[in-house]
Structure formats: C-alpha cells, structure tokens
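Report on the following structure.
Just so you know, all these numbers are worked out from the coordinates, no wet-lab data involved. Fair warning: this is a prediction, and the values are worked out from it, not measured in the lab. All Cβ positions, even for glycine, are placed from backbone atoms using ideal geometry, and neighbour counts span all protein chains on display.
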Amino acid sequence: MGLKVLSIVESAYRATIEEQDDTILWTSTALRGAGANVDVLLRGNAVNYGVKGQDASGLQFGERKQTHPPQLEDDLQRLMDLGAKVYVTTDDVAERGLERNDLIGGLEPISRSGMAKLCGNYDQIWHW
Amino acid sequence: MSDKKTITFALMDPPYENARCTTALRLINIAAQRGYDVNVFAYEGAVGLPFTKQSPHPNAVHGHDADEEDHPLPHEWIEAMAKTANANGGNLDWINCGLCVDERGVHEALDFVRRGSPADLWKWAEASDNTLVIPTK
C-alpha cells in the first residue's frame, strides 16, 4: 500500500497574487498528477478558497499587469478532477459567515471534532 | 531491520525572518547528531537558506566590525550540519525547489544542494520514517 498523505492548508492567500496560485494546492496537484495519493483539508481562512466567483484580477503596477491572477476555485476543481478529496472545515466556514451554497460543489465537509479521526486515515499529515 | 532513522523536513521560511528557521535548523541538527539520514526539501523562501552569497556584515550598534560581529550565515550552518551528520554516520541531503530558486534568483548554493521538485519530496516521504512540514505563515 502506498503512502497516503493529508495536506492541511491553513495559511491562506500566502503570496497567491505573486505566485498565481496557492503553492500548496499547486504542489498537491503536481503530486496527484504524478500518481501520489494526497488529499487536502482546508481549514481556518483557507476555507475561503472554496468560495465561488472569486476575482483577483486587475492588479497593475505601472504598465506591468498581472495577466494570470490566481483562480483558486478552479485550482480546487482541478485537484478534485485528479481524484483528490478536498475537505473543508465546516466550523471555519460558519465562523466566516459563509453558507454551504457559497462554496463550489464537491468539497467534503468535515467538522473540527472530526478532524482527529480523519487524520487517522492517513500515514502522514503535512500541515502547511 | 536497521535502527537507522530517516527523517524528511519540508521548510518554507526564508532566512532572517522568524524563529521557525532557527527551530528547523535546531531539529535538523539534533537528527544530524544522532546519525540520522536527514532530507530537507526547501520550498519557497527556504531555498535562500543554503544560498552561498549570504555574507557577514559589521554591526555599528554593537560596535563590531564584520569579523568581531561574526554574523551567523545559514549556509555555513547547513554546511556544518552536513559535516555533523557525516561524522555520526548519517547524511544530510538537501533539495531546493527549482522553480522557487528561479523566482528568487538564488542559484548559488552549497555544492551538495540539488535542484528538484515536489516529486522529490514525495519520494523522500515514502522512504522516510516520518516527515515534518514547517511552513511559513
């Protein structure tokens, strides 16, 4: 049985404008694409990555434009399309005034109290 | 089964920004002293840790010239820890995320530092007793 990793993304919007993505979602997608068994849990402010209709476009310094702003909901969808489970912490969603229908489909809800049991399903936890 | 342990670290913080770097180096050093095989995957700003163009400086507030100040340079610490690991029968292997190096222009690194990708982190994690991620915030 191969290694099974749960990547917990908690630091949100960490240089996403400069990077044009979230670097941990990017890494997880690259690993999934290479056949690795990695799933993702969004907690804290990172639950906002699942909000529909985000628009980070428009940044420009002088004549230099950001032509490929991050599209995090699309990045999450790409990750799920590769077979990854993407969990979202329901308590953190509620604390931020978000409703379930504010989020894209396919995310798997998990309560804070259920996280320990979830972690038990993985060989390693990578908390970013 | 061998008692020898292998541990993989994934680091994200750049040098000289916060205490997480120092904590990470302390943990790596303990593993090196125990003769573990230690793998470090440097991601994002952490690729600056083994950057060999780090240089010492004087400190007028301390009244020290550069020699007296003897300012710590992470690349020197990393090199020293590699020697510690070898002296204790272990090894320190270090891979810098190549794209992260390109973004930051920190191509000059210690000789044993290699360029790689997250796939290397995965291979290491598969072959290690455990993996510790120390992310930036």
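Could you tell me whether any residue of the stretch A:66-80 is touching a Lys or Arg at 6+ places or on another chain (Cβ under 7 Å), among the hydrophobic types (A, V, I, L, M, F, W, C) and within 14 Å of chain B (Cβ to nearest Cβ)? Within the stretch A:66-80, one or more residues are touching a Lys or Arg at 6+ places or on another chain (Cβ under 7 Å), among the hydrophobic types (A, V, I, L, M, F, W, C) and within 14 Å of chain B (Cβ to nearest Cβ).
Being in a loop (DSSP other than H, G, I, E, B) and either surrounded by fewer than 19 Cβ atoms within 10 Å (Cβ to Cβ) or of a type in the set (D, E) (or both) is the filter here; which residues of the stretch B:74-109 pass it? B:N88, B:G89, B:G105, B:H107, B:E108, listed by residue number. Within the stretch A:34-53, the set of residues being more than 14 Å from chain B (Cβ to nearest Cβ) and either outside any loop (DSSP other than H, G, I, E, B) or surrounded by 15 or more Cβ atoms within 10 Å (Cβ to Cβ) (or both) comprises A:L42, A:V47, A:N48, A:Y49, A:G50, A:V51. Picking from residues in the stretch A:12-25 that are buried (at least 18 other Cβ atoms within 10 Å of the Cβ) and within 9 Å of chain B (Cβ to nearest Cβ), the one that is nearest to B:K137 (Cα to Cα) is A:R14.
Selection within the stretch A:1-48: residues that are touching a residue at least 40 places away in the same chain (Cβ under 8 Å), among the hydroxyl-bearing types (S, T, Y) and out of contact with any strand residue (DSSP E or B) (no Cβ under 6 Å at 6 or more places or on another chain). The member of this set that is nearest to A:A84 (Cα to Cα) is A:T29.
Take the residues in the stretch B:47-69 that are in contact (Cβ under 8 Å) with a residue 40 or more places away in the chain and in a helix (DSSP H, G or I), then tell me which one is nearest to the other protein chains (Cβ to nearest Cβ).
Initial filter on the stretch B:47-69 (in contact (Cβ under 8 Å) with a residue 40 or more places away in the chain): B:47-48, B:50-53.
With the extra rule that they be in a helix (DSSP H, G or I), the set shrinks to B:47-48.
Working: B:V47: 12, B:G48: 14 Å.
Among those that are in contact (Cβ under 8 Å) with a residue 40 or more places away in the chain and in a helix (DSSP H, G or I), it is B:V47.
Consider A:L107 carefully, then state whether it is under 12 Å from the mean Cα position of the chain (by Cα) and over 13 Å from A:L25 (Cα atoms). Yes: the conditions hold for A:L107. Residue-level analysis places B:W94 outside the set of residues that are of a type in the set (F, W, Y) and either within 14 Å of chain A (Cβ to nearest Cβ) or without any contact (Cβ under 8 Å) to a residue 40 or more places away in the chain (or both). Of everything in the stretch B:29-42 that is of a type in the set (A, V, I, L, M, F, W, C) and in contact with a helix residue (DSSP H, G or I) (Cβ under 6 Å, 6 or more places away or on another chain), the residue that is farthest from B:M81 (Cα to Cα) is B:F41. Being among the charged types (D, E, K, R) and outside any strand (DSSP E or B) is the filter here; which residues of the stretch A:103-128 pass it? A:R112, A:K117, A:D123, listed by residue number. Residues that are within 14 Å of another protein chain (Cβ to nearest Cβ), under 29 Å from A:S7 (Cα atoms), touching a residue at least 12 places away in the same chain (Cβ under 8 Å) and in a loop (DSSP other than H, G, I, E, B): does the stretch B:23-34 have at least one? The answer is no; no qualifying residue exists. Candidates are the residues of the stretch B:113-136 that are touching a residue at least 24 places away in the same chain (Cβ under 8 Å), part of a loop (DSSP other than H, G, I, E, B) and within 8 Å of chain A (Cβ to nearest Cβ); the one that is surrounded by the fewest Cβ atoms within 10 Å (Cβ to Cβ) is B:T136.
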